[in-house]
Amino acid sequence: MTQKTILRALAGETLPTPPIWMMRQAGRYLPEYRATRAQAGDFLSLCYNPELAAEVTLQPIRRYGFDAAILFADILLLPQALGADLWFVTGEGPRLSTVTTGAELAALKPKEAIHDTLSPVYETVRILSRELPKETTLIGFAGAPWTVATYMIAGRGTPDQGPAHALKDSDRATFQGIIDLLTDATVDYLSAQIEAGAEVVKIFDSWAGSLQGADFHDFAVEPARKITAAIKERHPGIPVIAFPRGAGERYAGLHQAIGADCIALDDGVTADWAAANVQTGGCVQGNLKSSHMVTGGDDLVRETRRIVDALSKGPHIFNLGHGITPDADPENVQLMIDTVRAGG
Ligand code: CP3
């Protein structure tokens, strides 16, 4: 029987105090992260440097004692491993060479080639599984096919995922081909992370909320279900967390529809609603608004307590509703943790 609190919550146990970690916990709000990133040179060099990527993964564990560490990498490393060019423009975000035609899809590498590029990521996982404290759970991750496809098709982040919707509606065969390639490659990528020591995997579908009607089922639920089923077949006992951000009322029933052990909630639903409609299906993760990490104070404490209390009757992992932002105050993170561990 495992003693790790995150694994216990994922197995369906209701704990007296919810375990806690934070999306983007290794990030620019921490001075020690900024120093290591400067040492690496740039963000992608940091992702592909196993020693330094492991170091930044460990920094928030040392500072705060979170119950989980998440591998430091990025969801866009997978399209890069499939042959897309990838670079980051400071202050703006990612840029990629685009894939919008059947010919460009065919020119990508086969999924078998991804490990040539991604092997340093697996080395980061191996270092972490040696160096993490024994009570800390190691989470691996990948982007969900739809979210990764939105960046591959547009060549950058977009406010409404317009270019991906346009391709989906105008050339379904090419769009479906991109989704299928990403689905298959993601299974192999997560599988390799598990073989290197990841104890849990999380699928980030940051843009699931913009899929409407049957598209939500076809391109958010279905790829996540296929990935989860394949992971569970290859690695029985490895829990899967799915994060279809922006799902709103469609969060209800997703444990069953995806087959995931845990559904991660953004801050678009209340914890009370989630307790009645989502936690009935299994463990939930979330969902404090990340802006509280900037503003702090009584509001932070009150909202943290409200979430802990609302979700206290079932399995719950405390987290933010989205990643912590660079302008957050590290002291507010400590206040959130102290509030959760004081029993909400
Ligand atoms: O949670 C973690 O700490 C693990 C590491 C992680 C990163 N990105 C590190 C990162 C994870 C899980 C991600 C996921 C990711 N990456 C998502 C899905 C989750 C989400 O936030 O919606 C997406 C859409 C990306 C793509 C991406 N990477 C964008 C759009 C950006 C630029 C925006 C920004 O915040 O700067 C990144 C860069 C990135 N990924 C940073 C970090 C720590 C900042 C890079 C830096 O140091 O400059």
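The values are calculated or read from the model by the stated rules, or taken from the named source; none is laboratory data. Just so you know, these numbers come straight off a predicted model, no measurement behind them. Cβ atoms come from the backbone with ideal geometry, glycine included; neighbour counts cover every protein chain shown. We work out accessible area using only protein heavy atoms, side chains counted, and drop any ligands, DNA or RNA first. Shrake-Rupley method; radii C 1.70, N 1.55, O 1.52, S 1.80 Å.
Residues in segment 61-82 that are of a type in the set (Val, Ile, Thr) and within 12 Å of the chain's Cα centre (by Cα): ILE70, ILE75. Only residues that are of a type outside the set (A, V, I, L, M, F, W, C), open to solvent by less than 30 Å² (accessible area, probe 1.4 Å) and more than 23 Å from the chain's Cα centre (by Cα) were counted across segment 83-130, and they come to 0. Restricting attention to segment 184-212, the residues that are of a type in the set (S, T, N, Q) and surrounded by fewer than 18 Cβ atoms within 10 Å (Cβ to Cβ) total 1. Against the conditions (1) free of Cβ contacts under 8 Å to residues at least 24 places away in the same chain; (2) touching a Pro at 6+ places or on another chain (Cβ under 9 Å); (3) among the hydrophobic types (A, V, I, L, M, F, W, C), ALA166 satisfies every one except (2). Restricted to segment 17-36, and to residues there that are hydroxyl-bearing (Ser, Thr, Tyr) and within 16 Å of the ligand (Cβ to nearest atom), the residue that is nearest to PRO326 (Cα to Cα) is TYR29.
Take the conditions (1) more than 13 Å from the ligand (Cβ to nearest atom); (2) assigned to a helix (DSSP H, G or I); (3) farther than 19 Å from LEU320 by Cα; GLN3 misses just one of them, which is (2). Residues that are in contact (Cβ under 8 Å) with a residue 24 or more places away in the chain, open to solvent by 50 Å² or more (accessible area, probe 1.4 Å) and more than 16 Å from the ligand (Cβ to nearest atom) within segment 302-341 comprise ARG305, ARG306, ASP309, SER312, LYS313, ASP329, GLU331, GLN334, LEU335, ARG341, listed in sequence order. The set of residues in segment 160-183 that are within 15 Å of the ligand (Cβ to nearest atom), within 19 Å of the chain's Cα centre (by Cα) and either surrounded by fewer than 24 Cβ atoms within 10 Å (Cβ to Cβ) or among the small types (Gly, Ala, Ser) (or both) contains only GLN161.
Starting from residues that are in a helix (DSSP H, G or I) and open to solvent by 20 Å² or more (accessible area, probe 1.4 Å), keep the ones in segment 131-159 and report whichever is farthest from the ligand (Cβ to nearest atom). For segment 131-159, the residue satisfying everything is GLU131. Going through (1) in contact with a strand residue (DSSP E or B) (Cβ under 6 Å, 6 or more places away or on another chain); (2) within 12 Å of the ligand (Cβ to nearest atom) one by one, ALA84 falls short only on (2). What about THR14, is it away from the ligand (no atom under 14 Å from the Cβ), crowded, with 20+ Cβ neighbours inside 10 Å, within 22 Å of PHE243 (Cβ to Cβ) and modelled with pLDDT of 95 or more? It is false that THR14 is away from the ligand (no atom under 14 Å from the Cβ), crowded, with 20+ Cβ neighbours inside 10 Å, within 22 Å of PHE243 (Cβ to Cβ) and modelled with pLDDT of 95 or more. When segment 184-211 is filtered for residues that are farther than 15 Å from TRP146 by Cβ and within 14 Å of the ligand (Cβ to nearest atom), the ones remaining, listed by number, are TYR189, LEU190, GLN193, ALA198, VAL200, VAL201, LYS202. Looking only at residues of segment 37-51 that are near the ligand (Cβ under 10 Å from one of its atoms) and surrounded by 13 or more Cβ atoms within 10 Å (Cβ to Cβ), we find that the one that is nearest to VAL125 (Cα to Cα) is CYS47. For segment 87-105: of the residues being assigned to a loop (DSSP other than H, G, I, E, B) and not hydroxyl-bearing (Ser, Thr, Tyr), which is farthest from the ligand (Cβ to nearest atom)? The selected residue is VAL99.
Residues that are closer than 21 Å to TYR251 by Cα, surrounded by fewer than 17 Cβ atoms within 10 Å (Cβ to Cβ) and basic (Lys, Arg) are absent from segment 288-301. The residues of segment 60-81 that are open to solvent by 20 Å² or more (accessible area, probe 1.4 Å), closer than 15 Å to VAL148 by Cβ and more than 8 Å from the ligand (Cβ to nearest atom) amount to a single one, GLN80. For beta carbons closer than 6 Å, sequence separation of 6+ or different chains, a first residue in segment 59-80 that is of a type in the set (Ser, Thr, Tyr) and a second that is more than 11 Å from the ligand (Cβ to nearest atom), the qualifying pairs are TYR64/ILE337.
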